[in-house]
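This report refers to the structure that appears directly beneath it.
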Amino acid sequence: MHFSTLSKYYEKLEATSKRLELIDILSKLFKQAKSDEIGKICYLIQGRVAPFFEPIEMGMAENIVAVAIARAFNKEKEHVIKLYRKLGNMGIAAEELSRNHESRIRNQELTISQVFNELLKIAKFSGEGTVEKKVSALSGLLKKLDPISAKHVVNIPLGTLRLGIGDATVLDSLSLSKHGDKTLRPVLEDAYNKTSDLGFVAETFFKKGINGIKNIKLTLGKPIRPALAERLPSADEAIKRLGNEFAAEPKFDGFRVQIHLSRAHLRGVPQAQHHLGGGGEEVVQLFSRNLENTTHAFPDIVSGAKKEIKAKSAILEGEAIAYNPQTQEFLPFQETTKRRRKYKIEEMAKKLPLVLFAFDLLYLNGKDITQKPYRQRRKLLESIVSRNGGVIKIAQEKILKSTKEITEFFNEAISEGLEGLMLKKLDSPYIAGGRGFHWIKFKRTQAGQLTDSVDCVLLGVYSGKGKRTEFGVGGLLVGVYDEKKDEFVSISRIGTGLTDEEFRKVNEISKQLRVVHKPARVNSDITPSYWVEPKVVLEIQADEITRSPIHTAGRDREGLGYALRFPRLVKFREADKRAEDATTVEEIKKLYKQQFNHYKK
Ligand code: AMP
């Protein structure tokens, strides 16, 4: 397929404000493409040239892209910047310059693969003269493209291609396009949960059909979408779900890490997967809860894993938390989170060492063990983690039977500065990418308040008035995720409860994410001063959940939705949660009901 054809689809996708239309357009696009283009299209429509977990970024700031555009169309950089300021989007600036440019050698009709490979090449340039190499390759590419293609290609390195296409939208579209309806979405989703690689799943589907999809296995180097926990209002209710006997572990308030370890040099071990890099060595890769490759950020965990995990290959999960080995104290989340940084990594690793509390094992010595019961996985985990290691520790576990035991262990965990407990069903498999009652979380509660905070998605922003003019933001519109409809629905407006610093930060974020019309997957009756791409997750504490005719979250036939009363910001979760990981409408409904239980007590 020619890239210019894909660009026409980009135009259509950009123009729609309805999710069903997105699916319809995408499924037509997939139908028209060749099977070996499908994977690349999946990455390109999400503004990428690789799956999310691969640390391949185009890495070009506005300034540099402006130089490339200027060079492509024989203009001064200042001219490009001026035009960009006037039009509000660098891609549109490139489109306009391309239209007016005379000596065109374009209409060479590049294919999708040619453009993709060129962008990938740009992303991979490194070492001396990188900037110049990137500029020259991008300007060369722009010269060969038609104006509409130039517009969209420019938005890829800048990360400003705002089509709002989520993973579930792509999976629905794939099923519709090849099967005529959306019924294959669960099978596709299963494969996606195992690999987190949409392009790979899509291409396998188009080349090998549904049997090929069913054969997709866990793969070292591709993160598995994490299992998630449910909430329940009381220990009694938890016991009903978990059975007579269940496991309980402390809930650590740090960040989740998935470790992929492979030792290719040990005898009898299959060759490490090609994407793990060079053969014959010990390779450790780390992934965050939102599937980013975080290997470089945590050298202490990497070397700890190499020393303290005894296996030929393994995928395990744990929570990393800053820990003071002298006083044996857990540090609060605000300290731990300082380790999520791009610079001065080694220095910070010394200052704030992390300990990883391992709590699950998904893959061992070449075999997927996610289907084994939790009890067995835990035994295997214990058998491979060194007892006296300083970095990788096994999360404490107790096998409990009663409410009284839960309460005691809960209080113990809280007194040690931990967040609460995780209760786990002993015979449950690992459920990748899913929330279920196999894991139940109990967090600290504050009397009279909602028992848990809500992870909301920033949907829009109100411009600042009065004192707030200075911050650019006076209030926020936030929503939650409707999993069934794959939409973001409004739940609250937040005008207070943010510090000046936080208002400024929201302003920074929203400038980056601003879009011209309501995104297709946002469902809201309220219109803020401007919309943003639903991307950033904010943890919000509120006093209560109420029914409300204003908000679309969980709206019923009588027109009543849910709203948060007295909302305030707890923390920004942009580093570890994607928009689709926000609290769901189903969870809001449960939290709403739980309030009444809480008041009854
Ligand atoms: P939440 O983010 O509140 O939904 O809680 C789930 C998160 O708790 C997981 O994603 C983990 O990062 C974290 N966690 C902390 N301790 C544990 C544990 N013992 N088992 C599983 N997850 C844990």
Seminar exercise, completed: Within region 348-378, restricting to residues that are within 16 Å of the ligand (Cβ to nearest atom) and of a type in the set (D, E, K, R), the one that is surrounded by the fewest Cβ atoms within 10 Å (Cβ to Cβ) is Arg375
Exercise. Looking at (1) modelled with pLDDT under 85; (2) open to solvent by 20 Å² or more (accessible area, probe 1.4 Å), which is the one condition that is false for Asp576?
Worked result: (2)
For this session: Take Val391 and decide whether it is touching a strand residue (DSSP E or B) at 6+ places or on another chain (Cβ under 9 Å), more than 16 Å from the ligand (Cβ to nearest atom) and open to solvent by less than 50 Å² (accessible area, probe 1.4 Å).
Result: yes
Exercise. If you check Ile345, Ile399, which single one turns out to be over 16 Å from Ile301 (Cα atoms), open to solvent by 10 Å² or more (accessible area, probe 1.4 Å) and in the same structural domain as Trp439 (by TED's automatic domain parsing)?
Worked result: Ile399
For this session: Say whether the condition of being over 28 Å from the mean Cα position of the chain (by Cα) and over 23 Å from Glu483 (Cβ atoms) is met by at least one residue in region 212-229.
Result: no
Exercise. Which one of these is open to solvent by 30 Å² or more (accessible area, probe 1.4 Å), more than 23 Å from Arg162 (Cα to Cα) and of a type in the set (Gly, Ala, Ser): Gly497, Gly464?
Worked result: Gly497
Exercise. Got at least one residue in region 303-315 being assigned to a loop (DSSP other than H, G, I, E, B), away from the ligand (no atom under 16 Å from the Cβ), out of contact with any helix residue (DSSP H, G or I) (no Cβ under 9 Å at 6 or more places or on another chain) and open to solvent by 40 Å² or more (accessible area, probe 1.4 Å)?
Worked result: yes
Problem set entry | Single residue of region 146-172 satisfying the filter (more than 26 Å from Glu189 (Cα to Cα), aliphatic (A, V, I, L, M) and open to solvent by less than 10 Å² (accessible area, probe 1.4 Å)) that is farthest from the chain's Cα centre (by Cα) | Ala150
Exercise. Which condition does Ser415 not pass, out of (1) more than 13 Å from the ligand (Cβ to nearest atom); (2) modelled with pLDDT of 90 or more; (3) hydroxyl-bearing (Ser, Thr, Tyr), if it passes all the others?
Worked result: (2)
For this session: Specify the residue that is modelled with the highest pLDDT; the eligible residues are those in region 18-38 that are part of a loop (DSSP other than H, G, I, E, B) and open to solvent by 50 Å² or more (accessible area, probe 1.4 Å).
Result: Lys34
Exercise. Within region 230-240, restricting attention to residues that are acidic (Asp, Glu) and within 31 Å of the chain's Cα centre (by Cα), which residue is nearest to the ligand (Cβ to nearest atom)?
Worked result: Glu230
Seminar exercise, completed: Within region 354-376, residues outside any strand (DSSP E or B) and touching an Asp or Glu at 6+ places or on another chain (Cβ under 6 Å) come out as Pro373
For this session: Could you tell me which numbered condition Pro223 fails, if it satisfies all but one of (1) over 30 Å from Lys34 (Cα atoms); (2) within 16 Å of the ligand (Cβ to nearest atom); (3) outside any strand (DSSP E or B)?
Result: (1)
Seminar exercise, completed: Per the list (1) of a type outside the set (A, V, I, L, M, F, W, C); (2) in contact (Cβ under 8 Å) with a residue 12 or more places away in the chain; (3) in a helix (DSSP H, G or I), residue check on Gly212 breaks on (2)
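The values are calculated or read from the model by the stated rules, or taken from the named source; none is laboratory data. These figures come from a predicted structure and were not determined experimentally. Don't worry about glycine lacking a Cβ; one is built from the backbone with ideal geometry, like all the others, and counts go over all protein chains shown. Heads up: the accessible areas ignore ligands, DNA and RNA and are worked out on the full protein's heavy atoms, side chains in. Shrake-Rupley method; radii C 1.70, N 1.55, O 1.52, S 1.80 Å.
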